[in-house]
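If you scroll down you'll find the structure; I have some questions about it.
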Amino acid sequence: MSRSFWSCCLQQYPSKLSHIFGVSTVHHTSIHTTQFRLKESPHNVKGKSVTAQKWLRRQLNDPYVKKAREESYRCRSAFKLIEIDDKYHILKPGHVVLDCGAAPGSWSQVAVRRVNALGDDSEALMGRVIGVDLQHMNTVPGAVILKECDVTADSTQQKISSVLGKTKVNVFLSDMAPNATGIKSMDHEIIMQLCYVALTFAIRVMARQATFVCKLWQGPEQRRFEAILEQYFEQVKIIKPRASRSDSAEVFLLAKNFTPPTPKK
């Protein structure tokens, strides 16, 4: 499909998931909070803009930022996945996890620990974690990292399939999000396109009974996407982790117990 087609998709949603598969023209990144060494607020905010001062103060007062440093996670978003897994038990030793929009790597860090990807528990099955992001990112011990790779591109999807080999994905995570424009309707449309791309690829690589988790910003297309998930999964839930900002439209869709579509004859 051409790049111009993808641009058109931003204004009109596809009627079928296959319409958006493999398109690679949307720039996306994993939205995350970069860690700064903030110890003394008065010194750090001097000379900063009002917006920067507000952001810095919020960071200093954010318990998840502090906890991320203490527990050696790369950013606070780790606790979103931790909360989801603690409640719904989606990550188990021996699982194969694909983390899309992985930068800076905190979700991959959580997954490595919980699926025993480093083999720290000699009595448990050893899992695998593959992290993918358009941005450059540092390696994550225990994970295969495909950096500067566009998940929406055929070439990246082929790389992932090559890494997987004959194995299937047990947990497909998408923390992908576009660079926000500040126009809520537009941001919602673009992130929903990423959700559709993620699901289209997930359907190809997931194992039976697999779990799918994706981030979105709430809006009118959400319910339509939920309805599509319900065609493939036994359970679909909307989750707002405590670690998500209360003033953010961010939510996560959790879909469990995947049933692959019947192959066409």
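The values are calculated or read from the model by the stated rules, or taken from the named source; none is laboratory data. Note that the structure is predicted; figures quoted are calculated from it, not measured. Here the Cβ is made from the backbone with ideal geometry for all residues, glycine too, and neighbour counts use every protein chain on show.
Please go through the range 213-248 and give me each residue that is surrounded by 15 or more Cβ atoms within 10 Å (Cβ to Cβ), in a loop (DSSP other than H, G, I, E, B) and in contact (Cβ under 8 Å) with a residue 40 or more places away in the chain, ordered by number.
Correct list: 221, 241, 243, 244.
Residues of the range 101-113 being in a helix (DSSP H, G or I) and small (Gly, Ala, Ser), which ones?
If the condition is that a residue be in a helix (DSSP H, G or I) and small (Gly, Ala, Ser), then 106, 108, 111 are the ones that fit.
Continuing with this model, one more query. Please go through (1) in the same structural domain as residue 239 (by TED's automatic domain parsing); (2) surrounded by fewer than 22 Cβ atoms within 10 Å (Cβ to Cβ) for residue 67 and return the number of the only condition it doesn't satisfy.
Failing condition for residue 67: (1).
Regarding the range 146-158, can at least one residue be identified that is more than 17 Å from the chain's Cα centre (by Cα) and of a type in the set (D, E, K, R)?
The answer is yes, given that some residue of the range 146-158 is more than 17 Å from the chain's Cα centre (by Cα) and of a type in the set (D, E, K, R).
So residue 105 fits all but one of (1) at negative phi; (2) buried (at least 24 other Cβ atoms within 10 Å of the Cβ); what number is the exception?
Unmet for residue 105, out of (1) at negative phi; (2) buried (at least 24 other Cβ atoms within 10 Å of the Cβ): (1).
Determine, yes or no, whether residue 95 is without any contact (Cβ under 8 Å) to a residue 12 or more places away in the chain and outside the structural domain of residue 65 (by TED's automatic domain parsing).
So residue 95 does not fit the description; no.
Go through (1) in a loop (DSSP other than H, G, I, E, B); (2) touching a Ser or Thr at 6+ places or on another chain (Cβ under 9 Å) and name the single condition residue 94 misses.
The failed condition is (2).
Restricting the search to the range 77-91, which residues are crowded, with 24+ Cβ neighbours inside 10 Å and part of a loop (DSSP other than H, G, I, E, B)?
Matches in the range 77-91: 77, 91.
Return the residue satisfying two criteria in turn: it lies in the range 55-67 and is of a type in the set (A, V, I, L, M, F, W, C) and touching a helix residue (DSSP H, G or I) at 6+ places or on another chain (Cβ under 6 Å), and of such residues it is modelled with the highest pLDDT.
65
Continuing with this model, one more query. From the residues in the range 235-249 that are at pLDDT below 95 and in contact with a strand residue (DSSP E or B) (Cβ under 9 Å, 6 or more places away or on another chain), which one is nearest to residue 68 (Cα to Cα)?
If we take residues in the range 235-249 being at pLDDT below 95 and in contact with a strand residue (DSSP E or B) (Cβ under 9 Å, 6 or more places away or on another chain), then 244 is nearest to residue 68 (Cα to Cα).
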